[in-house]
Amino acid sequence: IPKDMDLGEGVTADEAKQFVITNTHRYIPKFAAMKVGSKVSWNWLAFLVPSAWYLSRKMYSKGILSIILLVACALLSYPLAGSIVMPDSSSMMGMEAQSALVQSVLDVGTPQLILAIIGFVLELGFKIFTGIFADLHYRNHTIDNVVEIKNNSENITDDMRKKGGVSFLGLLIGFFAVQYLPTIVAYLFNL
């Protein structure tokens, strides 16, 4: 990609590289292709861990929104998990009794099962959406921030580094929030 290629709104490929910093060989060609062609692509990391990816790329509002959505989806399966695990552990249940318990919970009409399926479908749908549109979100984030920095900054190079690049702390927060927040929330609200 030529350094002076316009990726949108007067932002050149070289300016976008200064903002993206890490993994420019992946993102800058995608940004260039999005200017002239399809706005969709596939981002495996954004599909697998959307919250961590958004927060690591400093798209904080999208990262927080994805944490809220993924935690809510996970919480939808807690009643099902609780109804399977809830038998009194002090009494030993035979295999037949355990099998009957699991079968009763997994009956098609069970509300807990329906909630768990809804949670799974919503989570998968959100992850697919994120995997498809994450690069477009990042392109728009990059262009918006570079334009703002060019118009308002006294030290463009420093501001590009501060607002761009990757946040390792954001990556950790996004990953661990989705892993542990559902359990914490379920414990606090006795789900």
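The values are calculated or read from the model by the stated rules, or taken from the named source; none is laboratory data. This structure is a prediction, so every number in the text was calculated from the model and none was measured. Cβ coordinates were reconstructed from backbone atoms using ideal geometry, including for glycine residues, and neighbour counts include every protein chain displayed. Remember, those area values only see protein heavy atoms, side chains included, never the ligands or the DNA or RNA. Shrake-Rupley method; radii C 1.70, N 1.55, O 1.52, S 1.80 Å.
Just a few scattered comments:
- Taken over the stretch 73-82, the criterion of being in contact (Cβ under 8 Å) with a residue 40 or more places away in the chain and either more than 13 Å from Pro111 (Cα to Cα) or not in a loop (DSSP other than H, G, I, E, B) (or both) is satisfied by Cys73, Ala74, Leu75, Leu76, Tyr78, Pro79, Gly82.
So that you can scan it fast, the table gives a plain yes or no per residue for (1) closer than 23 Å to Thr24 by Cα; (2) touching a helix residue (DSSP H, G or I) at 6+ places or on another chain (Cβ under 9 Å); (3) modelled with pLDDT of 95 or more; (4) outside any loop (DSSP other than H, G, I, E, B):
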| position | (1), (2), (3), (4) |
| --- | --- |
| Leu136 | yes, yes, yes, yes |
| His141 | yes, yes, yes, yes |
| Asp144 | yes, no, yes, yes |
| Val147 | yes, no, yes, yes |
| Lys150 | yes, yes, yes, yes |
| Asp159 | yes, yes, yes, yes |
| Gly165 | yes, yes, yes, no |
| Gly170 | yes, yes, yes, yes |
| Ala177 | no, yes, yes, yes |
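- Taking first residues from the stretch 115-126 that are under 12 Å from Pro79 (Cα atoms) and partners that are open to solvent by less than 70 Å² (accessible area, probe 1.4 Å) and not in a helix (DSSP H, G or I), the Cβ contacts under 8 Å between residues at least 6 apart in sequence or on separate chains come to Leu115/Ser77; Ala116/Ser77; Gly119/Ser77.
- In the set Ser41, Ser51, Ser56, only one residue is surrounded by 15 or more Cβ atoms within 10 Å (Cβ to Cβ), among the hydroxyl-bearing types (Ser, Thr, Tyr), under 21 Å from Phe120 (Cβ atoms) and out of contact with any strand residue (DSSP E or B) (no Cβ under 8 Å at 6 or more places or on another chain); that residue is Ser51.
- Taken over the stretch 108-154, residues that are over 15 Å from the mean Cα position of the chain (by Cα) and hydroxyl-bearing (Ser, Thr, Tyr) amount to 3.
- Meets criteria (at pLDDT 90 or above, under 30 Å from Arg26 (Cα atoms) and among the β-branched types (Val, Ile, Thr)) for Ile118: no
- Cβ-Cβ under 8 Å pairs, at least 6 apart or on other chains, the stretch 171-190 side in contact (Cβ under 8 Å) with a residue 12 or more places away in the chain, far side open to solvent by 80 Å² or more (accessible area, probe 1.4 Å) and not polar (S, T, N, Q): Val185/Leu191
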